[in-house]
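Some notes on the structure that comes next.
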Amino acid sequence: MPPIVPPASQPLALKLPVVAPARIAGAVTVHVLFPNAYVEGFIPREIVEACVGDYHELPPQPGISFRCFGDAASGVINGDSYCVAVSHKLGDQVVIDAIREVRPPFSPAEVIQTVLLPLCRAYNVHSVTFDNYAAGFAQNLVRGAGLTFDPAKKHKSELFLDPFLPLLNSRKIRLPRNERAINQICALERSAQRSGRDQISHPTHGHDDIANVIAGAAGCRLQPLEAAECGFGNGRDRSPGGHSARLRSRQRPVSHCRGRGT
């Protein structure tokens, strides 16, 4: 007997179990995935936009101690970008000074020589913290370039949860006007796993490489800074006018465009 196919006017209904979403601060949308699991938006766009400054990049200044965080990639076509972010501390705030993104295809060794190394030299950074997922892949190339390699102590999901989310909610982080970075942060999703742990990551077919290095740069800048890493004693600002006056003078007004890159 041939299989019975329901007529087109009567589509077959598929019943999924209803999941009661737990409400978490910063939630935007909830999508049912599996029983006992859900996915929701990580942070509303208006909170992220409130932390964006009127600058694309802040140039290096003497007397300021900078930190650098990287997320390495292999460079294969349609793969992840190779990203780096530089940050510094301003009072109780973290300032993201510069972001570099190299999209595939590329040679990781060439990226280190032409992008990472010049950036570190410009900001007088001698040690780079790398995402622990890519740590083993990147360390030999980074050390070969004369930089100190420091593997991250936290996974990116942990960095997104703390300190990145609290910094955003309290507006204690200043972000450059980088549309790809802003869109990646706003697209992050928070999912509750069967194990009960939360995971923060990009949506399916999305990317979070820039968001990752921003969260990492913020996290490592909140850690105690060793003088040998940046060559600046205790890193205090001793110049006339102070750090805040210089930061205001360094910010250049830009048009508030809206890009679509993620």
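The values are calculated or read from the model by the stated rules, or taken from the named source; none is laboratory data. These figures come from a predicted structure and were not determined experimentally. Note that we place each Cβ from the backbone using ideal geometry, even for glycine, and neighbour counts take in every protein chain shown.
Worth pointing out:
- Exactly one residue out of A109, A181, A138 is crowded, with 20+ Cβ neighbours inside 10 Å, over 22 Å from P60 (Cα atoms), of a type in the set (G, A, S) and out of contact with any Asp or Glu (no Cβ under 6 Å at 6 or more places or on another chain), and it is A138.
- Cβ pairs under 8 Å, 6+ apart, first in the stretch 152-171 and under 11 Å from D198 (Cβ atoms), second of a type in the set (G, A, S): S157/S201; F160/A211; F160/A215; L165/G26
- In the stretch 214-225, the residues that are of a type in the set (A, V, I, L, M) and part of a loop (DSSP other than H, G, I, E, B): L222, L225
- Against the numbered list (1) more than 24 Å from L175 (Cβ to Cβ); (2) modelled with pLDDT under 90, A25 comes up short only at (1).
- Set H155, H126: member being under 23 Å from R103 (Cα atoms) and not acidic (D, E): H155
- Applying the criterion of being part of a helix (DSSP H, G or I), touching a strand residue (DSSP E or B) at 6+ places or on another chain (Cβ under 7 Å) and without any contact (Cβ under 8 Å) to a residue 40 or more places away in the chain to the residues of the stretch 92-123, the residue that is nearest to A217 (Cα to Cα) is V115.
- Subset of the stretch 136-155 [part of a helix (DSSP H, G or I) and either out of contact with any strand residue (DSSP E or B) (no Cβ under 7 Å at 6 or more places or on another chain) or polar (S, T, N, Q) (or both)]: G136, F137, Q139, N140, L141, G144
- Residue count for the stretch 156-213, restricted to those that are over 16 Å from C51 (Cα atoms) and not in a helix (DSSP H, G or I): 21.
- Number of the condition not met by V52 [criteria: (1) at pLDDT 95 or above; (2) within 22 Å of S157 (Cβ to Cβ)]: (2)
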